[in-house]
1. Can you tell me, using C-alpha contacts under 8 Å and at least 6 residues apart, the relative contact order of the chain as a whole percent?
2. Using DSSP to define loop residues, name the trypsin sites (Lys or Arg not before Pro) in region 193-286 whose beta-carbon has at most 14 other beta-carbon atoms within 10 Å.
3. Using only the Cα atoms, work out Rg/Rh for region 2-257, with Rh taken as the Kirkwood radius, to two decimals.
4. List the GluC sites (Glu not before Pro) within region 149-207 that fall in a DSSP loop (any state other than H, G, I, E or B) and whose Cβ has at most 10 other Cβ atoms within 10 Å.
5. So for the chain: antiparallel DSSP bridges make up what percent, rounded to the nearest 5?
6. Among F360, F226, which comes first, second and so on when ranked by fewest other beta-carbon atoms within 10 Å?
7. For region 2-257, compute the number of Lys pairs whose alpha carbons are separated by less than 13 Å, excluding pairs fewer than 8 positions apart on the same chain.
8. Sort the following peptides by mean Cβ neighbour count (other Cβ atoms within 10 Å, averaged over residues), highest first: 313-319, 503-509, 365-371.
Amino acid sequence: MKIALGQINPTVGDLAGNVDLMIRFAHNAERAGAQMVVFPELAVSGYPPRDLVEKATFLERSEEQLTRLAGATASLKLSIVAGYVGRSESKTGKQATNSAALLAGGKVVFRQTKMLLPTYDVFDEARNFRPAESQKICQWNQTDVALTICEDAWNDKQFWERRLYQRDPVEEMIAAGGRILISINASPYHMGKRALRREIFSAAAKRHHVPVVYVNQVGGNDSLVFDGSSFAVNAEGRVIAAAPSFSEDLVLVDTGSGVGDLRENFDDECEAAYEALVTGTRDYIHKCGFERVLIGLSGGIDSSLTAVIAVDAVGRENVVGVGMPGPFSSKGSVDDARALAANLGIRFELAPITPAYERFLDVLDPLFAGAPRDVAEENLQARLRGVTLMALSNKWGALVLTTGNKSELAVGYCTLYGDMCGGLAVISDVPKTLVYSLSHVANRRHKVANGRHKGVIPAAVLEKPPSAELRANQKDSDSLPPYNVLDTILRAYVEEDQSPQQIAGLGVPLALVQDIINRVDRNEYKRQQAAPGLKVTSKAFGIGRRLPIAQKYKE
């Protein structure tokens, strides 16, 4: 069988637009000689639709658009597999189903509903969908096909030490005669996940002695970035077709001959993470209806990396950097911000906050009653910058990108209504140590206008000690341990759920571990007021980590 892997970038809720995209891909697939084109999970609706599926009109339009897809491709000789939001026939439970349809000759000839509904990390499908009680073999082109939807193929008892579900839909359908496994997915990216997927599905192919076709959504939807990275493996588990990561594509594979298209991909995971941030930023901006963005450029590494990502996402003509020096900003920082903007070719404006800061102090000092200068005055500076950016955002119709990293957000080294102001927190899931690695990736991708290979992020930015510059001679190290130590603790606690004693076993003093953990727990209230951020690690703050704010549990 010659199958086309339709790796597309759907938009949540744009049912007609998503179907138009699939119609175009289907025509291209037939011209390429495919007998079937396979699209991702919930391709008609986009993933994740969340509580949109609670709307009766949404279910009706999903079915209408599926019917339109069938009719618009009726003249094609190929068949289509597409994910859509279906309606349960049961009189109890949830109305909506996460389903897949096989379309041929202008009709829906087969339907399959997802059985295993994930409720971990960023997933909450049991909230919205009714699971299938059983599944059937799809007979197509004289071949028995095991058609699965994402999680249904992720529960192999020979792969996982502890499975999340008792049933294994793949095993059941292969036992019922399935001769090829087709898995449609909306599997979000995090670092290392691309390799994990191939390992899982290669193991399934070898265990069941069948070829596997894996198709994944690409693009950004809110905090989630989908990398695509669709592929096919033969019955021996060898990859015979592969789509690129982070871009739409149509990849063909002949499961009979074992020959398929093999696209180049990101071998380096840091390169992949950088591209994930570019993709997520671009889609968040455009899918929310914006074109231009604003970034507060401090001359530091975080805002510099965010600016380069923004330029790669929407183009230099749509990025404006704003320097907002205050009473403790160094001339070097302003020069570094200006140099970065010049290297990138973006518009750069200066809006000093010192006059406003001094006026605020005139108003507040009588109320402060002679108290010493402390974090209140530091936060005031950050908030004046936030007010400035939001005013420009309103005036210019541009989205503000926040520039805080995961390490700062974890321990609350950030200011509510200050540097946390904005519409998208681009690097909020990027630990500080990874910020430096990604900055080197950014510099490798760019060169200055004179054509010499030189990073757009100035060397001084990469080399100087990090500082918020909110008081004289301030350094991040005044308040935090070295970032390599801090990130070791945070990774173990936030991403791996290790106890203080386990983390101390990594060679970190227990007292320091306990202090950092306490800071993480205390600052949950800040994180729940932060702008949405793009997920690139295995556990990000936000919808994938749901902890109470008002609570007394201590590690």
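All of the numbers you see were taken from the coordinates with simple rules; none came from a lab. Computed from a prediction, not measured in an experiment: that's the story for all the values here. In this analysis, Cβ positions are derived from the backbone assuming ideal geometry, glycine residues included, and neighbour counts consider all displayed protein chains.
1. Normalised by residue count, the contact order of the chain is 11 percent.
2. R238
3. 0.92
4. E161
5. The antiparallel proportion sits near 55 percent.
6. Result, fewest neighbours first: F360, F226.
7. So the count of such lysine pairs works out to 4.
8. For the peptides 313-319, 503-509, 365-371, the packing ranking is 313-319, 503-509, 365-371.
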